[in-house]
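A.B. asks: Below are the structure tokens for one structure; questions will follow.
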Amino acid sequence: MLRPLSTPSSPPRTPSASTLSATEVSKFSALSTQWFADSASSPSNPLVEMSPCRMQFVLNTLRSEELVPPGHFPLASLTAPRSSPGPARVLDVGCGGGVFLEAALRLGLPPPSLTAIEPAAALCETLAARLERCGLADSSDPERSIEVHNGPIESYPLPPPSSLFSVISLLEVIEHVPPSSRADFIRPLLSLLRPGGVLFVSTIDRTFVNGYLRAVFGAEHIARVTPVGTHDYDWFLRPVELLDLVEGAEGHGMELVEGCAMLPKNGLLGEIETYGLKGRGGEWVLGGEEGKTRVMGGGGGERSKLEDATRGGWGNYICAFRKSQVS
Amino acid sequence: MPPPAPFTHSVLVVGSGTVGLALAARLSRIFAGSPLKVGLIDPAPAPKPYAPSPTPDLRTYALSPSSLSTLSAAGLPSACLPPFDLPSRSTAYAGMQVWDSGSPAFVKFQAEDIGLPSLGTIVEDSLVTSALYETVLKTSPNVDLLHGQPMSAALITTIKVPASFPERGRKVAFQRMFPAGPLALLPVFGDYYSVVWSTTPKHFDELRALDPAAFLDALNAAISPGPALPPDLVPPHVSASLPGPLRGLSVGASELLKMAASGLSLAAMNELDPSAGSFLSPPAAAELAGPRVGFDLKVQNASSYVSGRVALVGDAAHSVHPMAGQGLNLGLGDVECVSRLVEEALATGMDLGDPYLLARYDAERQKHVRLVAGGIHALHGAFGVEAGAGVLFRSLGMSAVNLVGPVKRRIARVAAGL
């Protein structure tokens with residue numbers, strides 16, 4: 001067992017007051033045993049296939065923010081932002097089967113620095129078993145156990161300022177939060193982030209070709225790499241909507257650092273070939289040519305730059321936001 | 001003795017052939033500076049220390065430029081220090097000439113056509129394996145050394161060519177195609193040429209039984225003829241039995257095709273720049289400089305290169321006909337692919353043995369190996385035809401390839417592993 005911090009000390013709120021969608025939670029609980037492939041011929045999981053590409057973006061950003069050094073196992077030396085010293089902690093919101101947690105631990109992050117929040121109880125259990133089997137965490141040893149919180153984000157107790165998180169990841173999660181609850185979901189999440197800390201969000205663009213044809217119709221009905229009903233097209237976010245959601249959260253001073261498309265390496269045809277013929281996925285790459293699939297922040301004009309860069313639709317994409325240094 | 005720890009190595013390489021050594025060396029460089037270790041297991045003893053003899057090693061490779069860069073990323077110094085004196089113990093060949101035993105056709109590939117200094121480097125097996133073993137694997141803290149029949153045959157030996165053989169020809173690898181397989185003459189260094197003669201097991205036995213002088217005569221008789229006249233489109237005994245008008249037609253068509261085939265080759269010989277595409281006479285073997293040994297040729301490809309957490313690399317995954325020396329080049333392509341995936345996994349926090357990564361290795365290499373092995377096989381198949389029409393069309397095709405720059409460059413790029 002991982003260190004259980006799961007039961008909120010305050011009485012649980014009524015489901016209607018939660019930012020969670022009960023349907024979404026039960027949907028992912030049902031998938032708890034199907035997260036990872038057992039062999040090269042198992043059906044593919046696009047989340048695992050996308051992981052190298054997502055982690056490359058995460059590490060690039062953390063390096064340019066000077067929070068990690070270059071070299072092997074960079075997260076072993078993760079530091080808190082210089083302006084707000086303290087222990088460097090990482091929070092993964094909606095960890096699912098733990099694809100990000102595994103990668104972070106393998107990249108050297110000490111288990112006690114890692115916290116996961118996951119509303120589906122069944123997922124928390126398979127997650128613990130999987131991490132132990134991989135030798136990445138060990139609940140019997142406090143030095144090697146991670147904190148897993150089973151519940152909605154707003155039920156996580158706010159730590160003291162010195163123990164806020166340096167890095168929060170929200171990867172392929174926001175599209176499962178009902179659009180009407182998103183503002184209420186993002187506010188408690190941002191209060192957990194330390195000034196100067198970085199929030200990573202990855203999700204799917206709401207465009208017909210990349211969003212509907214690829215992520216919903218293609219992945220669920222043609223390639224069958226995601227279970228039918230995984231995604232609701234109407235819940236996808238355009239990059240500017242994500243920008244408005246995060247930067248628009250008052251009192252947090254969030255600012256876009258960089259946004260980048262994540263693309264199947266050989267393009268749509270390559271993806272059709274690998275999924276269609278072999279039933280397994282391909283390699284993903286960060287888009288980066290000529291600013292069309294990548295936008296750098298740096299004060300002012302991000303919105304129009306983002307609109308320009310994403311006019312044709314980004315499909316899957318990942319953004320990094322920095323919390324302003326003064327809280 | 002303490003019990004062995006459950007997981008002591010991040011990657012185990014089973015088999016310390018050239019490909020196994022290269023993979024272990026390449027991974028040891030990726031793991032450098034980390035506590036990760038690669039284990040190299042082989043029941044056979046470690047490669048012997050390199051002892052350069054005046055004559056080249058019998059076993060040689062034609063390393064493509066991309067294979068050389070894989071080996072240099074594996075730590076093989078490009079200008080090895082003695083005793084691994086790569087520059088003087090190898091030849092970077094700038095051209096390759098291939099011609100037919102039964103027609104006037106030939107193709108000459110030039111490195112400059114594709115903007116490279118050479119098409120490849122012919123180097124001794126013992127130099128590569130022992131340099132990797134002695135200079136990389138034995139010195140890396142990230143490596144643990146844990147030592148402990150035929151479709152056709154190939155005869156390999158070393159010959160010396162006359163000192164008078166012109167310099168221009170010494171940078172060219174010669175391959176003459178016979179129905180049973182190619183006969184290759186590869187410049188190693190000095191006057192020494194490596195001979196790889198793929199043939200039928202029966203012919204192999206005959207060749208090995210010859211005394212040295214008779215063998216040299218047989219070799220020279222096989223390699224020295226330039227392009228030959230193609231046979232008749234319709235064999236004479238068939239055409240003689242045809243009714244008069246049809247016989248006239250078949251002879252006419254045959255002569256017309258022969259004229260076209262010879263004409264195209266002549267056109268190539270008389271190109272504006274005669275050095276670019278003209279036929280080069282191969283050297284005659286002056287003396288035998290090594291024993292004649294043989295090995296079985298096997299063409300096979302595993303249907304899957306991966307299972308569980310295991311990946312097959314090199315000849316364990318695929319073996320091809322030894323044409324253009326592609327066997328090791330394919331293996332080193334595997335080394336490059338596995339190493340790149342391990343490096344990516346390490347940099348992004350993936351499980352080094354993740355089924356997803358292995359599936360990518362399998363897909364990428366199967367595609368490439370099938371392409372190359374299929375091409376080699378098709379070429380071999382094409383040269384296996386001895387009947388009139390097949391030879392004529394092959395001849396026309398070869399001449400056309402030699403004359404058409406873009407087609408020739410494309411083939412040369414594949415041969416160079418680009």
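The values are calculated or read from the model by the stated rules, or taken from the named source; none is laboratory data. Nothing here was measured: the structure is a model prediction, and the numbers come from that model. Ideal geometry is used to build each Cβ from the backbone, glycine not excepted, and the neighbour counts take in all protein chains shown.
A.B. asks: Only one of (1) touching a Lys or Arg at 6+ places or on another chain (Cβ under 6 Å); (2) modelled with pLDDT of 85 or more fails for B:Y61. Which number is that?
C.D. replies: (1)
A.B. asks: Next question. Identify the residue in the stretch A:143-199 that is hydrophobic (A, V, I, L, M, F, W, C) and in a helix (DSSP H, G or I) and, among all such residues, is nearest to A:P81 (Cα to Cα).
C.D. replies: If we take residues in the stretch A:143-199 being hydrophobic (A, V, I, L, M, F, W, C) and in a helix (DSSP H, G or I), then A:L190 is nearest to A:P81 (Cα to Cα).
A.B. asks: Collect the residues in the stretch A:44-97 that are farther than 16 Å from A:V257 by Cβ, more than 10 Å from chain B (Cβ to nearest Cβ) and of a type in the set (S, T, N, Q), keeping them in residue-number order.
C.D. replies: If the condition is that a residue be farther than 16 Å from A:V257 by Cβ, more than 10 Å from chain B (Cβ to nearest Cβ) and of a type in the set (S, T, N, Q), then A:S77, A:T79, A:S84 are the ones that fit.
A.B. asks: Out of the residues in the stretch B:33-74 that are within 14 Å of another protein chain (Cβ to nearest Cβ) and touching a Ser or Thr at 6+ places or on another chain (Cβ under 7 Å), which is farthest from B:P187 (Cα to Cα)?
C.D. replies: Only one residue tops the list, namely B:L36.
A.B. asks: Among the numbered criteria (1) more than 14 Å from chain B (Cβ to nearest Cβ); (2) in contact with a Leu (Cβ under 8 Å, 6 or more places away or on another chain); (3) outside any loop (DSSP other than H, G, I, E, B), which single criterion is violated by A:E125?
C.D. replies: For A:E125, the exception is condition (2).
A.B. asks: In addition: Within the stretch A:98-119, take every residue that is within 12 Å of chain B (Cβ to nearest Cβ) and of a type in the set (D, E, K, R) and give me the one that is farthest from A:H176 (Cα to Cα).
C.D. replies: A:R106
A.B. asks: Continuing with this model, one more query. Being in a helix (DSSP H, G or I), at pLDDT 75 or above and surrounded by 21 or more Cβ atoms within 10 Å (Cβ to Cβ) is the filter here; which residues of the stretch A:236-277 pass it?
C.D. replies: A:P239, A:L242, A:L243, A:V246
A.B. asks: Would you be able to say whether some residue in the stretch B:369-391 is surrounded by fewer than 17 Cβ atoms within 10 Å (Cβ to Cβ), out of contact with any Cys (no Cβ under 7 Å at 6 or more places or on another chain) and modelled with pLDDT of 75 or more?
C.D. replies: So far as the stretch B:369-391 goes, yes, one or more of its residues are surrounded by fewer than 17 Cβ atoms within 10 Å (Cβ to Cβ), out of contact with any Cys (no Cβ under 7 Å at 6 or more places or on another chain) and modelled with pLDDT of 75 or more.
A.B. asks: Filter the stretch B:15-49 down to residues that are modelled with pLDDT of 85 or more and in a strand (DSSP E or B), then give me how many there are.
C.D. replies: Count: 3.
A.B. asks: With the structure loaded, tell me whether A:P152 is crowded, with 20+ Cβ neighbours inside 10 Å and away from every other protein chain (no Cβ under 14 Å) or whether it fails that test.
C.D. replies: On the way: crowded, with 20+ Cβ neighbours inside 10 Å: yes; away from every other protein chain (no Cβ under 14 Å): yes.
For A:P152, the condition - crowded, with 20+ Cβ neighbours inside 10 Å and away from every other protein chain (no Cβ under 14 Å) - is met.
Rundown of residues vs (1) within 30 Å of B:R409 (Cβ to Cβ); (2) in a strand (DSSP E or B); (3) under 20 Å from the mean Cα position of the chain (by Cα), yes/no style:
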| position | (1), (2), (3) |
| --- | --- |
| B:A51 | no, no, no |
| B:D85 | no, no, no |
| B:Q97 | yes, yes, yes |
| B:P117 | yes, no, yes |
| B:I122 | yes, yes, yes |
| B:V128 | yes, no, yes |
| B:T135 | no, no, no |
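A.B. asks: A further question follows. I'd like the full set of residues that are touching a Lys or Arg at 6+ places or on another chain (Cβ under 6 Å) and farther than 22 Å from B:K37 by Cα, limited to the stretch B:342-377. Reasoning before the result, please.
C.D. replies: Here is the first cut: in the stretch B:342-377, the residues touching a Lys or Arg at 6+ places or on another chain (Cβ under 6 Å) are B:349, B:353, B:359.
Result: B:A359, single match.
A.B. asks: Condition first: of a type in the set (A, V, I, L, M, F, W, C) and within 21 Å of A:R294 (Cα to Cα). Now tell me which residues in the stretch A:174-214 satisfy that.
C.D. replies: Those that are of a type in the set (A, V, I, L, M, F, W, C) and within 21 Å of A:R294 (Cα to Cα): A:I174, A:V198, A:L199, A:F200, A:V201, A:I204, A:F208, A:V209.
A.B. asks: Among the residues of the stretch B:283-301, what is the count of those that are in a loop (DSSP other than H, G, I, E, B) and at pLDDT below 80?
C.D. replies: Residues flagged as in a loop (DSSP other than H, G, I, E, B) and at pLDDT below 80 within the stretch B:283-301 amount to 2.
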